Each structure stands twice: as C-alpha cells, then as structure tokens.
Amino acid sequence: MEEVTTYEKLGEENLKLLIERFYDLVFSDQRISHLFKTDKELIKEKQRLFLTQFLGGPPLYSQRYGHPQMRARHMPHPITEDDAVAWLSCMSSAISSLNISESLKDELFKRFVPTAMFMVNTETTSE
Ligand code: HEM
C-alpha cells in the first residue's frame, strides 16, 4: 500500500497558511530579511509550488520552472549557517501556529532541517 504523503496529511489550505505565516516572519526578521529582494507575493507563490512537490504532492514547481536545483538557485544569495538557523526558526514558529497534530508538526519540521543546512553556501565570518 502506498504511504500517505506529508502533502496529503497537511492539505492545500494548511500549506498556504504555513507559507503566509512563514514569509511574514521572514520579511520581518532582522537576521535574514535583507536577503529577500524580490516581490513577496512571487516568492510565496514559488514556495507554494515547490513545497507542494517537496512534500510529495504534484510536481508543480518543475512544471513551471524546470528542475528545482534549489542549492544552485540559492547560490546568488550568500547563506551562512546562522541564516539557515534563522530560516528554520521562522519555519518552526510558522509550523507551530498551524492547527495540526503534534506528530505532523514534527514530521514537517524534520523535512526542512537537512534541506536548510544544504543551502548553506557561505562561511560565517566572525565579527
Ligand atoms: C537556509 C536558509 C535559506 C535562506 C536564507 C533562503 C533564502 C532565499 C532567498 C534570498 C531566495 C530568493 C528570494 C528572492 O527572489 O528575492 C530564495 C528563494 C527560494 N527558496 Fe530559499 N532560502 C533558504 C532555504 C530554503 C529552503 C530550505 C527551501 C525549501 C525547502 C527554500 C526554497 C526556496 C524557493 C522555492 C525559492 C524560489 C526559487 C526560485 O526563484 O524559483 N529555501 N531563498
């Protein structure tokens, strides 16, 4: 029997809510907001397409934009380990705000940790 995907457990509406809340946090986060230079609505839409497929739903991002190659797409943006931790803390708060089971919250957050760490492309410089 096929396993139920994280995408199916979460549902489209909760995914949209997650993305709304996540980018509200990111765009007001002093640690990482400066990295985001394009339109907030566009990045939310891209993330909706990407996370749909990342969590096991239909490959909406690939259909629109081609192979995700997320690490390569993040290369123009210098991302340190601290930035990844800040990104994950925004994601954790956004996940916590959803009305879903604790086990699904856990399952979701665990999907993001290795991917966020994989995006790190710049060494932290000590100040
Ligand atoms: C580790 C910390 C991360 C930082 C600091 C970061 C930052 C960014 C930035 C600055 C952009 C470009 C936004 C713009 O166009 O202005 C971007 C795009 C994007 N990020 Fe991240 N990101 C991180 C991790 C992730 C992770 C873990 C995922 C997915 C699970 C992700 C998914 C995306 C997607 C889908 C886009 C849009 C790509 C496109 O242009 O088509 N990011 N990110």
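Once Rh for the range 1-72 is found with the Kirkwood sum over Cα pairs, what is the Stokes-Einstein diffusion coefficient at 10 °C and 1.306 mPa s, in µm²/s? Walk me through the numbers on the way to the answer.
Numbers: Rh = 13.3 Å.
Translational D for this selection: 119 µm²/s.
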* Those trypsin sites (Lys or Arg not before Pro) in the range 23-112 that DSSP places in a loop and that have at most 14 other beta carbons within 10 Å -> K37
* Qualifying lysines (Cα of each under 28 Å from Cα of K37; at least 8 residues distant if same chain) -> K16, K46, K110
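Compute the Kirkwood hydrodynamic radius of the range 50-115, taking the inverse of the mean of 1/r over all pairs of distinct Cα atoms, and give it in Å to one decimal.
Averaging 1/r across every pair of different Cα atoms and inverting gives 13.5 Å.
I'd like the Kirkwood hydrodynamic radius of the range 33-75, using the inverse of the mean 1/r over distinct C-alpha pairs, in Å. Before the final figure, lay out the partial values.
Details: mean 1/r = 0.0905 Å⁻¹.
Evaluated on the range 33-75, it is 11.1 Å.
Before rounding to the nearest 500, sum -39500 (n - 2.57) across all DSSP H runs of length at least 4 in the chain and divide by the residue total; then give [θ] at 222 nm in deg cm²/dmol. Don't skip to the answer; put the middle values down first.
On the way: 7 runs with 80 residues, N = 127.
Mean residue ellipticity, 222 nm, calculated: -19500 deg cm²/dmol.
Based on the Kirkwood radius over alpha-carbon pairs, what is the Stokes-Einstein translational diffusion coefficient of the chain at 4 °C with 1.567 mPa s viscosity, in µm²/s? Can you show the working numbers first?
Numbers: Rh = 15.3 Å.
D, rounded to a whole number, is 85 µm²/s.
Here, each number is a calculation from the coordinates, and none is a lab measurement. Source: prediction; values computed, not measured. Counting neighbours? That spans all protein chains shown, and the Cβs are built from the backbone with ideal geometry, glycine included.
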